[in-house]
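K.L.:
Take a look at the following structure, please.
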Amino acid sequence: MSGRTVPAGRATTTQIRPVARPEQIRKHNLGLLLRHLHQVGSISRSELTTATGLNRSTIAALVGELTERGMVAEHPDATKSGAGRPSYVVTALPQAAHVIAVDLDVRTVTVAAVGFGGQVRARRMWNHPVKHPEPSDVADAIAQAAAELDGETAGSRCVGMCVGVPGMVRTQDGWVLNAPNLRWHGVPFGQFMRDRIGHEVRMVNDADLAAYAEHLRGAGRGYNDLICVLGRNGVGSGVLVDGRPLHGATGYAGELGHVVMDPKGRRCHCGNRGCVEQYAGAPALLRAARRRGVRWATSRNSSHGSTPATNRPRMS
Ligand SMILES: [Zn+2]
């Protein structure tokens with residue numbers, strides 16, 4: 001407490017407590033319940049009570065409302081059998097709502113409609129038609145794929161888009177500061193997508209997303225502190241501390257690919273020599289395999305330089 005006096009009759013900021021209205025509390029609790037079901041899958045009402053800290057009657061009312069809205073369903077628990085009353089579990093319905101998830105990689109783009117529970121309901125995948133694609137062309141192709149996926153998930157509500165980017169991105173507005181392998185610098189890609197699809201768009205570094213995905217559903221499940229190394233054309237890593245992404249003071253935390261391993265090593269496109277990417281990125285691994293005589297088949301669609309027509313989004 002500071003020693004500053006407060007005029008009589010005037011409240012200090014610490015005395016003013018915003019009071020949440022019942023409607024706000026209900027919306028908050030609906031979101032809490034849906035998020036939990038989305039992340040953990042089918043669970044019983046009593047498990048929901050324990051997990052959320054809400055009481056049984058509140059859970060019953062929330063489940064009832066979400067059932068009426070077609071977002072969740074209750075059904076007998078298939079994992080439990082035997083005599084007596086069947087036990088029921090609550091499940092968020094994958095077909096009720098979806099997000100458009102975009103993996104924008106250096107060579108390929110994957111766009112998927114993902115429903116509750118992480119269920120992939122439909123997907124498109126294609127190679128960039130040129131080695132260094134123009135951001136507006138990529139945005140056009142993604143918007144086209146997203147429109148097709150929306151058509152295939154009729155009845156499901158699209159609630160937004162998330163784009164994983166191989167580079168540094170400002171998540172607040174989707175400004176790509178630097179995606180060196182795409183040769184994109186200072187690109188308002190989030191705005192490009194918002195202009196084209198009319199949904200909310202979030203853009204996040206791909207390694208940060210990978211770390212979060214492993215935390216929620218993969219090898220990092222149950223761990224709040226982890227490092228996920230993502231090795232593709234580039235090499236990056238996402239760091240979670242206490243379940244939250246670590247960006248560092250300048251946003252470069254986890255940018256592993258351009259850490260110099262050998263100052264006299266192979267020249268990197270970033271201007272330095274001997275970066276991790278020059279030894280552990282996909283092109284470096286392919287070069288090493290070629291040197292050792294490994295051969296592999298390539299398809300027309302998996303190479304750069306083919307015509308846009310052959311690289312139109314296709315079902316996978
Ligand atoms: Zn480098």
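K.L.:
Can you find a residue that is over 25 Å from Val159 (Cα atoms), in contact with a helix residue (DSSP H, G or I) (Cβ under 7 Å, 6 or more places away or on another chain), surrounded by fewer than 19 Cβ atoms within 10 Å (Cβ to Cβ) and among the basic types (Lys, Arg) anywhere in region 41-49?
P.N.:
Residues of region 41-49 over 25 Å from Val159 (Cα atoms): 44-47, 49.
Applying the additional criterion that residues be in contact with a helix residue (DSSP H, G or I) (Cβ under 7 Å, 6 or more places away or on another chain) yields 45, 49.
With surrounded by fewer than 19 Cβ atoms within 10 Å (Cβ to Cβ) added as a condition, the list becomes 45, 49.
With the extra rule that they be among the basic types (Lys, Arg), the set shrinks to 45.
Yes, region 41-49 contains at least one residue that is over 25 Å from Val159 (Cα atoms), in contact with a helix residue (DSSP H, G or I) (Cβ under 7 Å, 6 or more places away or on another chain), surrounded by fewer than 19 Cβ atoms within 10 Å (Cβ to Cβ) and among the basic types (Lys, Arg).
K.L.:
Which number in (1) under 30 Å from Arg273 (Cα atoms); (2) at pLDDT below 95; (3) away from the ligand (no atom under 16 Å from the Cβ); (4) surrounded by fewer than 18 Cβ atoms within 10 Å (Cβ to Cβ) marks the one condition that Pro188 misses?
P.N.:
Of (1) under 30 Å from Arg273 (Cα atoms); (2) at pLDDT below 95; (3) away from the ligand (no atom under 16 Å from the Cβ); (4) surrounded by fewer than 18 Cβ atoms within 10 Å (Cβ to Cβ), only one is false for Pro188: (2).
K.L.:
Only one of these conditions is not met by Ser306: (1) at pLDDT below 80; (2) under 28 Å from Asp137 (Cβ atoms); (3) out of contact with any strand residue (DSSP E or B) (no Cβ under 9 Å at 6 or more places or on another chain); (4) assigned to a loop (DSSP other than H, G, I, E, B). Which number is it?
P.N.:
Every listed condition holds for Ser306 apart from (3).
K.L.:
Taking the stated definitions as given, is Gly271 within 16 Å of the ligand (Cβ to nearest atom), of a type outside the set (A, V, I, L, M, F, W, C) and at pLDDT 50 or above?
P.N.:
Yes.
K.L.:
Which one is surrounded by the fewest Cβ atoms within 10 Å (Cβ to Cβ), of the residues in region 92-136 that are of a type in the set (S, T, N, Q), in a strand (DSSP E or B) and out of contact with any Phe, Trp or Tyr (no Cβ under 8 Å at 6 or more places or on another chain)?
P.N.:
Gln119
K.L.:
What is the one condition in (1) modelled with pLDDT of 85 or more; (2) assigned to a loop (DSSP other than H, G, I, E, B); (3) within 16 Å of the ligand (Cβ to nearest atom) that Val294 does not satisfy?
P.N.:
(3)
K.L.:
Okay, next question. If a residue must be free of Cβ contacts under 8 Å to residues at least 60 places away in the same chain, of a type outside the set (Gly, Ala, Ser) and either buried (at least 19 other Cβ atoms within 10 Å of the Cβ) or in a loop (DSSP other than H, G, I, E, B) (or both), how many such residues does region 194-213 contain?
P.N.:
Looking only at that region, the number is 7.
K.L.:
What about Val276, is it exposed (fewer than 14 other Cβ atoms within 10 Å of the Cβ), hydrophobic (A, V, I, L, M, F, W, C), over 17 Å from the mean Cα position of the chain (by Cα) and within 12 Å of the ligand (Cβ to nearest atom)?
P.N.:
So Val276 does not fit the description; no.
K.L.:
Looking at the structure I just gave you, is Ala288 over 18 Å from Pro166 (Cβ atoms), of a type outside the set (Ser, Thr, Tyr) and part of a helix (DSSP H, G or I)?
P.N.:
So Ala288 fits the description; yes.
K.L.:
Right, here's the next one. I'd like the full set of residues that are crowded, with 19+ Cβ neighbours inside 10 Å and not β-branched (Val, Ile, Thr), limited to region 157-177.
P.N.:
Hits for region 157-177 are Met161, Gly164, Pro166, Gly167, Met168, Gly174.
K.L.:
Further question on the same structure: If you go through region 237-255 one residue at a time, how many are within 12 Å of the ligand (Cβ to nearest atom) and either touching a Gly at 6+ places or on another chain (Cβ under 6 Å) or among the small types (Gly, Ala, Ser) (or both)? Break it down into steps so the answer makes sense when it comes.
P.N.:
Taking region 237-255 as the starting set, the residues that turn out to be within 12 Å of the ligand (Cβ to nearest atom) are 255.
Within this subset, residues satisfying the condition of being either touching a Gly at 6+ places or on another chain (Cβ under 6 Å) or among the small types (Gly, Ala, Ser) (or both) are none.
Selection size over region 237-255: 0.
K.L.:
Return yes when Arg287 is without any contact (Cβ under 8 Å) to a residue 24 or more places away in the chain, more than 11 Å from the ligand (Cβ to nearest atom), of a type in the set (Lys, Arg) and over 18 Å from Asn181 (Cβ atoms) and no when it is not.
P.N.:
In short, no.
K.L.:
Follow-up question, since we're still on this one. Answer yes if at least one residue in region 218-235 is farther than 30 Å from Gly151 by Cα and within 12 Å of the ligand (Cβ to nearest atom), and no otherwise.
P.N.:
yes
K.L.:
Next question. Can you tell me how many residues within region 253-273 are surrounded by fewer than 11 Cβ atoms within 10 Å (Cβ to Cβ) and touching a strand residue (DSSP E or B) at 6+ places or on another chain (Cβ under 9 Å)?
P.N.:
Here the count works out to 2.
The values are calculated or read from the model by the stated rules, or taken from the named source; none is laboratory data. This is a predicted model, so every value here is computed, not measured. Heads up, the Cβs are rebuilt from the backbone with ideal geometry, glycines too, and the neighbour counts pull from every protein chain shown.
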